[in-house]
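Scroll down for the structure; my scribbles are underneath it.
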Amino acid sequence: MVKDNGEGIPANLHASLFEPFTQADASSTRKHGGTGLGLAISKRLVDLMAGEVGFESLEGSGTTFWVNLPLTIASSVKATELALSEKTKQEIELDFNNQKTILVVDDKPINRGVLSMQLRGFNILTRLASNGKEAVNLLKQHPDTFSLVFMDLHMPKMDGFTATKLIRESEVSTKKHLLIIGVTADALSSSWEQCREAGMDDIISKPVLLSHINVKLKKWLTPAKTKENL
């Protein structure tokens, strides 16, 4: 449970607060920053763990957020089984345990954690990087380790566009092509053009859903088996 005694949340925003891009103050001069994705991502993470999240708020008197998780001892249960509810398991159609590790690049720990957990539902191992520079260095050190990269676009130190361009430049000599999917909260066609120009193969929108991951993996990778054969 997290509680504050701040400004509270207006009643007309209660129903949509966990939807992507909802902000209590969306003006260009708003007092509080953020992309409008934090609560949507938090809810998605709680849903993956078969839990519940909610809040109580009175405008002018603060807000209380709460989370209930059905946690259990993991001694004899696989971590993935604990993390994925029956509802989310139904969205996973394919098993990719024959693939190499996937690199998840994002400067937000919660984003990296959610996407990594989602990919584990497809029996995919992941490795994480917090910015483009870290990802480029990791790929130089382990050039044959990864089958695909989920690359966030906007990060400190080095953004996803610059990192992708550097990766593509290095491939001129290696004659190899690493699949790179851009991950962005901006669904505008201009963003896709930027991704294409940087050398990315595809793009996926935040918040990233299991069904969307399923489509991208099916498009770019060869599964080991289908859900019916699991």
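The values are calculated or read from the model by the stated rules, or taken from the named source; none is laboratory data. None of the values given here were measured: they were computed from a predicted structure. With ideal geometry, Cβ positions are generated from the backbone for all residues, glycine too; neighbour counts draw on all protein chains shown.
Conditions (1) in the same structural domain as residue 214 (by TED's automatic domain parsing); (2) surrounded by fewer than 16 Cβ atoms within 10 Å (Cβ to Cβ); (3) within 14 Å of the chain's Cα centre (by Cα), marked per residue:
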site: 101; (1), (2), (3): yes, yes, no
site: 105; (1), (2), (3): yes, no, yes
site: 134; (1), (2), (3): yes, no, no
site: 144; (1), (2), (3): yes, yes, no
site: 166; (1), (2), (3): yes, no, no
site: 176; (1), (2), (3): yes, yes, no
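Taken over segment 108-133, the criterion of being assigned to a helix (DSSP H, G or I), in contact with a strand residue (DSSP E or B) (Cβ under 8 Å, 6 or more places away or on another chain) and more than 13 Å from residue 167 (Cβ to Cβ) is satisfied by 111, 112, 115, 116, 119, 120.
The condition (being touching a residue at least 60 places away in the same chain (Cβ under 8 Å) and under 27 Å from residue 48 (Cβ atoms)) is satisfied by just one residue among 132, 121: 121. For the structure I just gave you, tell me whether residue 43 is under 24 Å from the mean Cα position of the chain (by Cα) and modelled with pLDDT of 75 or more. So residue 43 fits the description; yes. Looking across segment 202-223, the residues that are under 13 Å from the mean Cα position of the chain (by Cα), farther than 14 Å from residue 149 by Cα and free of Cβ contacts under 8 Å to residues at least 40 places away in the same chain come down to 205, 212.
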